[in-house]
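Structure first, commentary second.
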Ligand SMILES: Cc1ncc(C[n+]2csc(CCOP(=O)(O)OP(=O)(O)O)c2C)c(N)n1
Ligand SMILES: [Mg+2]
């Protein structure tokens with residue numbers, strides 16, 4: 001056997017020929033089942049990515065037949081290992097594995113319908129399409145960061161519930177693309193720092209991406225890079241089952257996260273296209289497909305697997321059955337079982353609401369004039385003791401986001417008993433890892449960051465929305481109201497951009513009471529992310545009623561007009577106070593206007609038409625928000641008027657900025673007078 005470095009220099013087709021010479025080993029036969037199913041499904045769909053499944057089949061076979069702890073009979077068993085195909089384009093690898101190991105719901109019909117409407121075998125793996133798909137992948141690199149969150153959640157849950165209930169590993173297959181993406185740098189650095197030793201990344205080191213060789217754009221030494229992050233690293237021949245198994249076995253003993261670079265040939269088996277980008281993302285074509293099967297010694301008809309090979313795979317599918325049964329027995333008599341079941345079901349603890357009710361009563365009585373970020377901190381002071389599964393963090397802005405409260409020790413390297421994560425300045429990895437924590441189950445993660453830098457984690461918010469995950473992002477410094485830090489830090493387009501993501505609740509509460517209400521909704525929500533846009537500057541108390549969570553309607557009349565409405569002022573967050581001041585000034589002139597609070601567009605849009613039209617009224621509408629007006633026409637109609645930002649902000653004290661940009665109660669009054677004249 002040539003050394004692995006010599007292998008790297010060998011022409012792919014020569015190397016392939018050497019690997020395919022001689023009799024086919026049983027391991028190779030198992031792997032060839034993945035290859036044949038992939039070829040058939042991609043040919044039939046005439047679309048898809050055969051290169052990765054063909055290249056990584058040997059590695060995946062070693063993992064799934066000898067190491068991955070799973071039981072196909074119950075893919076949601078809580079103590080299973082997690083498998084993440086970060087290189088989601090290679091989805092047929094996962095679907096073939098699920099099929100071969102006997103998972104219900106991934107039969108041959110599903111594979112025949114690869115990439116067709118309503119098939120769980122979608123173009124890229126989608127969470128929710130099949131219970132064994134652990135996460136949605138496709139945006140390269142995010143799967144790896146999501147897996148870091150899963151591995152972190154496992155450690156945190158083990159610290160809480162003990163090793164007898166929580167003791168599993170996280171395995172990732174990532175490609176060149178995943179490793180090139182910035183998020184992999186953030187996530188791997190964090191995993192190394194925290195010493196997530198039960199995380200293993202199998203890197204499909206095929207040196208090919210879409211445009212051609214990786215040398216077009218990258219000359220990193222991935223192993224040295226990961227070693228510098230504090231990972232154990234190893235390079236193996238990705239077509240040598242014994243070498244792969246030895247590396248996987250070492251990974252299970254490592255005290256560090258492990259990267260195994262698997263030297264593979266993309267499109268392994270394809271007689272002419274192997275080793276080239278041509279196999280990456282299109283069907284091989286009839287001749288090349290037939291040639292590949294011939295080269296692999298595969299002569300079964302399409303979509304069939306010879307019984308002896310199928311039997312071997314089915315055995316692999318039930319390998320974990322005994323481990324699952326003994327876990328179930330242990331769990332059944334474990335004193336923490338009810339609590340574990342509760343948190344895994346995502347059910348909030350009894351009594352959490354009492355803590356909120358007490359706080360709201362306090363807000364009603366003391367009428368605090370606080371920045372909404374401070375109100376959020378008070379909410380957390382009430383919630384954190386009441387909800388043990390709530391875990392926080394910030395991307396290095398803890399003192400600004402006010403996300404860490406008493407009795408919330410930090411997670412530190414090797415010690416996962418804490419409840420607070422210093423994510424470092426890594427917003428994208430933070431967002432994706434929080435998705436991983438939510439997917440893992442048992443924890444409700446919230447973050448801290450500046451609203452303006454939500455752009456840096458937007459792709460993870462998008463996936464949280466797509467996967468319907470309960471993650472909460474505390475995004476402070478939500479407008480020009482942050483003042484002196486200037487336009488680089490002042491969000492202008494961010495509210496609109498975040499509101500544009502489907503299934504995402506964007507909250508912009510106006511005072512302490514609304515902040516409490518929005519937090520309450522975010523916590524109850526179990527089918528998507530919630531974002532809280534909070535101020536740096538103080539806002540006046542506007543609400544003292546507590547009987548009903550009025551933010552739950554998304555928008556409501558805060559103050560009806562005294563008399564027939566001449567205009568309706570619609571505002572969110574820090575501008576609601578300006579609207580109330582304008583209402584008073586106008587009332588003194590005999591102009592009766594109503595003020596509507598609109599803390600959450602998405603919830604407001606969900607209300608029935610009667611509620612919405614009752615709130616918005618038929619009088620002229622004026623929208624006020626210290627942000628760009630993009631999208632406001634939805635509420636203001638064609639003849640509405642918007643008072644807000646029309647470009648970037650500036651560096652100055654907040655009060656001056658509000659005046660400079662004309663977001664004042666005077667400006668609101670002037671707009672109303674013009675309309676009612
Ligand atoms: C963030 C992101 N950018 C771009 C793409 C489009 N894309 C899909 S696969 C791919 C190349 C990936 O190369 P590699 O990971 O080496 O996969 P291989 O070709 O080896 O299968 C690209 C650019 C993507 N899916 N995600
Ligand atoms: Mg590649």
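The values are calculated or read from the model by the stated rules, or taken from the named source; none is laboratory data. In this text, all values refer to a predicted model and were calculated from it rather than measured experimentally. Every residue, glycine among them, receives a Cβ derived from its backbone with ideal geometry; neighbour counts consider all protein chains shown.
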Can you confirm whether region 581-594 contains a residue that is over 36 Å from the mean Cα position of the chain (by Cα), in contact (Cβ under 8 Å) with a residue 40 or more places away in the chain, within 28 Å of residue 477 (Cα to Cα) and surrounded by fewer than 20 Cβ atoms within 10 Å (Cβ to Cβ)?
yes
Among the residues of region 151-161, is there at least one that is at pLDDT 95 or above, under 16 Å from residue 260 (Cβ atoms) and in contact with a helix residue (DSSP H, G or I) (Cβ under 8 Å, 6 or more places away or on another chain)?
yes
Those helices (runs of 4 or more DSSP H) completely within region 304-349 that have 2 or more residues that are over 30 Å from residue 40 (Cβ atoms) are 321-332, 337-344
Any residue in region 233-245 that is under 20 Å from residue 151 (Cβ atoms), crowded, with 21+ Cβ neighbours inside 10 Å and within 16 Å of ligand 2 (Cβ to nearest atom)?
no
So which of 12, 104, 17, 73 is within 16 Å of ligand 2 (Cβ to nearest atom) and surrounded by fewer than 24 Cβ atoms within 10 Å (Cβ to Cβ)?
12
Based on what the data block shows, is residue 569 touching a strand residue (DSSP E or B) at 6+ places or on another chain (Cβ under 9 Å) and not in a helix (DSSP H, G or I)?
yes
Within region 128-158, can you find the residues that are part of a loop (DSSP other than H, G, I, E, B) and within 16 Å of ligand 1 (Cβ to nearest atom)?
135, 136, 137, 138, 139, 140, 141
For residues in region 39-70 being over 19 Å from residue 122 (Cα atoms) and within 16 Å of ligand 2 (Cβ to nearest atom), which is surrounded by the most Cβ atoms within 10 Å (Cβ to Cβ)?
55
From the list 290, 283, pick out the single residue that is surrounded by fewer than 21 Cβ atoms within 10 Å (Cβ to Cβ), modelled with pLDDT of 95 or more and within 16 Å of ligand 1 (Cβ to nearest atom).
283
Could we say that residue 269 is within 19 Å of residue 60 (Cα to Cα), more than 16 Å from ligand 2 (Cβ to nearest atom), modelled with pLDDT of 95 or more and within 36 Å of the chain's Cα centre (by Cα) here?
yes
Does region 151-173 contain at least one residue that is touching a strand residue (DSSP E or B) at 6+ places or on another chain (Cβ under 7 Å), within 16 Å of ligand 2 (Cβ to nearest atom) and closer than 24 Å to residue 81 by Cβ?
yes
What are the residues in region 262-285 that are part of a helix (DSSP H, G or I) and either touching a helix residue (DSSP H, G or I) at 6+ places or on another chain (Cβ under 7 Å) or without any contact (Cβ under 8 Å) to a residue 40 or more places away in the chain (or both), if any?
278, 279
Single residue of region 608-640 satisfying the filter (crowded, with 18+ Cβ neighbours inside 10 Å and farther than 20 Å from residue 494 by Cα) that is modelled with the lowest pLDDT:
640
Here is a list of conditions, (1) more than 16 Å from ligand 2 (Cβ to nearest atom); (2) surrounded by fewer than 24 Cβ atoms within 10 Å (Cβ to Cβ), and residue 121 meets all of them except one; can you say which number that is?
(2)
If residue 222 satisfies all but one of (1) within 27 Å of residue 456 (Cβ to Cβ); (2) within 11 Å of ligand 1 (Cβ to nearest atom), what's the number of the condition it fails?
(2)
Selection from region 174-220 of residues that are more than 16 Å from ligand 2 (Cβ to nearest atom) and in a helix (DSSP H, G or I):
182, 183, 185, 186, 187, 188, 189, 190, 191, 192, 193, 194
On the given criteria, is residue 418 buried (at least 20 other Cβ atoms within 10 Å of the Cβ) and either outside any helix (DSSP H, G or I) or over 20 Å from the mean Cα position of the chain (by Cα) (or both)?
no
May I ask you to verify whether residue 273 is within 30 Å of residue 155 (Cβ to Cβ) and either away from ligand 1 (no atom under 12 Å from the Cβ) or buried (at least 22 other Cβ atoms within 10 Å of the Cβ) (or both)?
no
